Amino acid sequence: MIIAEVSITPLGTQNPSVSRYVKKAAKTLKETGLHTEAGAMGTIIEAETLDEILAAAQKAHQAVIDEGAQRIVTEIKIDHRLDKNATIKTKKQKIN
């Protein structure tokens, strides 16, 4: 399993509040069917392949463009563990 954190920051908006763009990005990630967990600074997603992670991030990035943002910064942090199966749940269990 591959775990990634995706954070999409819209810039160049008329309003200092970016919640509408963030909401659209999070909704789009959820609609991919991948396991997602929204957080205050990004959304964690879990997938079998890197292609799924990147495709989901691309869809969310495009959704923010479609929402009208004039500039978007998208950050992706990927944890691809090959020695054992790690999930969002197992990672959380290790720290709780």
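Rule-based calculations on the coordinates, nothing more; no lab input. Just so we're clear, the structure is a prediction, and the values are computed from it rather than from any experiment. We place every Cβ from the backbone using ideal geometry, glycine too, and count neighbours over all the protein chains shown.
Quick look at the numbers
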read-out	value
DSSP loop trypsin sites (Lys or Arg not before Pro) with at most 15 other Cβ within 10 Å: longest gap in the chain	1-80
The chain: relative contact order in percent, alpha carbon pairs under 8 Å with at least 6 residues between	46
5 angstrom amide H check on I72, placed H, neighbours 5+ away	L11
Lysine pairs meeting the criterion (Cα under 25 Å, 8 or more apart or interchain), as found in the stretch 2-95	26
Calculated [θ] (222 nm, deg cm²/dmol) that DSSP helices of n ≥ 4 give over the chain, each run adding -39,500 (n - 2.57)	-12500 deg cm²/dmol
Loop GluC sites (Glu not before Pro), the stretch 22-59 (other Cβ atoms within 10 Å of the site Cβ: 16 or fewer; DSSP)	E48
